Structure formats: structure tokens, C-alpha cells
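Right, one structure below, let's go through it.
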Amino acid sequence: MESSVFARIRENLLATRHNLSGWLRAAPARNRQTRLGPASERAMQAHLRVLDTAIAKTEDQTLGLCQVCHGYIDPEHLEMDYTACVCLDHFSGEERRQLEADLELSQKVQKALLPQHLPHIPGLELAVFSRPAQIVGGDYFDFFHFADGSHGLAIADVAGHGMSASLLMASVQTALLTLAPITHSPAEVLNHLNRFFLHNVHLTTFVTLFLARFDPTQRTLTYSNAGHNPPLLYRPQTNGGEPVARLAPTGAAIGLIEEFEPGGETVTLAQGDLLLLYTDGVTEAINPAEEQFGVERLAALIQQEACSPARMVVQAVRQALQEFIGSQPLADDTTIVVAKLNGDA
Ligand SMILES: [Zn+2]
């Protein structure tokens, strides 16, 4: 098994250990009692010991060794149950069916936020990569329709990570997918979202969100950017201008300010234009010399790869990121969406 898998699992186990033991130390007795119900604190201590054992095993890389064949079990199986110590293959019958069902559920839960299939948008070639730093992340991208049937795309990032960021993102997704079909522009959706979330107690942090509306017949892209990292738009035919434009924020992130007035911009796209959306995990990836990957590197990369198909551009960014950070795992949730204008509009 790759050492990056151990590193990622270890990071999650340490975070869990930290959160659970911190809660146990700090929560008032009555709160502890309610949360534990009929169970005792000793039962929870036992769980912490299981965590500690697993953490120790990530250090000497013995976590996930199969007791039957002595090879490593499947990483996805291990991510679902860090105490698993027998490969799926060695089970038979009912037990195996149960484990396979659990594994399927685990994958569904992880992927619930992300669209299962890329949509067909006439004139646009799409490719994406998304991987949370923890098993559940705070990144989100989606495709949807506006009231007039035009195509929408979104990328968002919740400040923070882990389960709470992920749950928060689930509610942003629900709100977005409810609002978009009854509105006509990205700015209108953002306005609704901010009004809805600003004073809502469940929004415990803020959310950056880039929304765009693509009209395949006019080839126009209308966007509003609520505090999200500027997507990059590479345009081969610039007539002397900057080849890579940054679609800078047109408003604040959702949940930050009362006087929210998200602006909107429209660009007319041409054959070969390439739009790259990304989250912090890409530009803030750190190399062993503590330097950030940065947006300049990303801009140079898409210029270099602009003639490749969208999925190859995504592949090239992933590869450049991995080479940049070396053997360490990515520290943040990482999402890349590439949309390239082709000729079949
Ligand atoms: Zn085995």
C-alpha cells in the first residue's frame, strides 16, 4: 500500500482522536451523559484505545495487513473500517455480501455531494477531479439548470474541513439546486443564498462560491464569484491581451457581510477557450521547501496544455501537483474542473 494512504488515514485518525478526547475532557457532565446515553465513559475510553492502536499501526505501516494472506487489504475497505484485518476475498456467502453492501454505502456517502455523471453540455467538453483531504470534505462542484434551461456550473469551498464542513456543504448544495431552477442569473442565486444563510445558525463559517451560466447558442458565460479563488480563463485568440484571464470575485463570500451585492460579468467564448475552476487545495499545496503551488504555475500549465483534451488538462494539473508536493499527501481538499469550448455547439 502507498505511504500516502497511510499518511491520509493516520491524519484522519489523529483528528478523530483529537476531537473525541477533547470533547470528553471539555464537555459538561450532563452533556456527556446525554451523548453517551446508557453507555459509560469506560466504553468510550475503549474506543479511544482502538483508535490509538490503529494510529500506532499507521506508524509502522502494519495497519490493514491481512491475517490470512499477509498482504494489504483494499485501501477503500480500510478507509471504511480501519480495524479491518481480513481481505474481502476470504469471506464467503452472507458475510461477504454484507461487507460489500457496507463498502458500497461508504462510497456513496463519500460521493453523495459530487455529481455522479458529468452532464452533456453542447459545445463544452468537461473533465473533473475531486478528492477530499479527509474522507469527507468541504469542496463541492455541480452542474444544474437555470429557469430558462441554460446550463449552470458551480464550484464552492467551505472554510474548514471534515464532517461539519461536509454537512454544511450538503445544505449549500440543497439550497443551490432548489434556487437555481427558479432564477435567471448567478447573481440572483447568490443573493438568495446569502439572504438565506447569513443569519442561519447552521452556517457556522463562510462559503466561497463561483457560479456560471453557459448559453451554448450565444457561447456566452455569465458568472458571479462570491469570494472564490478566481477561475482561470485561457483564450488563445487574445489580440495581444493577457492570454489567461482571472475571473475575480464580484462579491463577498456567502455568510460574511450584511450588504451583499454580488455583481455579474459576461464573456463571449471562442473555439479553444479553456476554463479552469479550482479550490484552495490546488494553489495552496505546499512543497517540501514550504512554497505554495500558486496560481502562476497553474496559469502557465494551462497555457502549455491548452491544446489537449479537457481530461488530459486535469491529468496534467494532478501530475504537476503531485510532483510539486513530493511524497507527502495533499493537505487540503482538492477539486479541479476543466471546461473547454469545442466546435459542436
Ligand atoms: Zn488477504
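The values are calculated or read from the model by the stated rules, or taken from the named source; none is laboratory data. Since the model is a prediction, treat every value here as computed from it, not as a measurement. We place every Cβ from the backbone using ideal geometry, glycine too, and count neighbours over all the protein chains shown. Surface areas here come from the heavy atoms of the whole protein model, side chains and all, with no ligands, DNA or RNA. Shrake-Rupley method; radii C 1.70, N 1.55, O 1.52, S 1.80 Å.
Normalising by the residue count of the range 181-295, find the relative contact order in percent from Cα pairs under 8 Å and 6+ residues apart.
Working: 201 pairs, mean separation 30.8, N = 115.
That works out to 27 percent.
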>> Of Met80, Thr238, Phe214, which is farthest towards the positive pole of the chain's charge dipole, taken about the Cα centre with +1 and -1 on the beta-carbons of Lys, Arg and Asp, Glu respectively?
In response: Met80
>> In the chain, if the dipole is taken from +1 on Lys/Arg beta carbons and -1 on Asp/Glu beta carbons about the Cα centre, which of Leu153, Asn191, Ile286 is farthest to the positive end?
In response: Asn191
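Could you compute the net charge surrounding Gln319? Neighbours are other residues with a C-beta less than 13 Å from the C-beta of Gln319; K and R count +1, D and E count -1.
Working: positive: Arg297, Arg311, Arg318; negative: Glu305, Glu323.
Value of the local net charge: +1.
With every protein chain present, what is the per residue accessible area of the range 113-341 (1.4 Å probe, Å²)?
Numbers: 9910 Å² over 229 residues.
Heavy-atom accessible area per residue stands at 43 Å².
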>> I'd like to know which of Leu256, Ala270, Gln319 lies farthest towards the positive end of the charge dipole of the range 252-329, counting +1 on Cβ of Lys and Arg and -1 on Cβ of Asp and Glu.
In response: Gln319
>> With θ taken as phi - 60° and the coefficients 6.51, -1.76 and 1.60, list the Karplus ³J(HN,Hα) couplings across the range 85-98 in order, rounded to whole Hz; mark glycine and proline as x.
In response: 9, 9, 4, 4, 4, 7, 7, 9, x, 4, 4, 5, 4, 4
> What does the helix-only formula give at 222 nm for the chain: each DSSP H stretch with n ≥ 4 adding -39500 (n - 2.57), the total divided by the residues, and the result rounded to the nearest 500 deg cm²/dmol?
Replying inline: -13000 deg cm²/dmol
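Counting only GluC sites (Glu not before Pro) that sit in a DSSP loop (anything but H, G, I, E, B) with at most 16 other Cβ atoms within 10 Å, what is the longest stretch of the chain containing none of them? Intermediate results must be reported in sequence, preceding the final value.
Numbers: sites that count: Glu2, Glu258, Glu259, Glu284, Glu290, Glu291.
Result for the longest clean stretch: 3-257.
Got a sec? What order do Met80, Met44, Met312 fall in by accessible area at 1.4 Å, biggest, i.e. largest, first? Provide the component values of the computation, followed by the final result.
On the way: Met80 55, Met44 25, Met312 80 Å².
Heavy-atom accessible area, descending, gives Met312, Met80, Met44.
Once a ≥ b ≥ c are taken as the square roots of the eigenvalues of the Cα gyration tensor of the range 113-341, is the result rounded (a/c under 1.5), prolate (a/b larger than b/c) or oblate (a/b not larger than b/c)?
oblate
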> How much accessible surface does His199 have with a 1.4 Å probe, in Å² rounded to 10?
Replying inline: 130
> For the chain, what is the charge dipole size about the Cα centre, in debye to the nearest 20, if Lys and Arg each add +1 at the Cβ and Asp and Glu each add -1 at the Cβ?
Replying inline: 720
>> Could you identify which residue out of Ala299, Ala226, Ala46 has the top mean-square fluctuation in a GNM of the chain using Cα springs shorter than 10 Å?
In response: Ala46
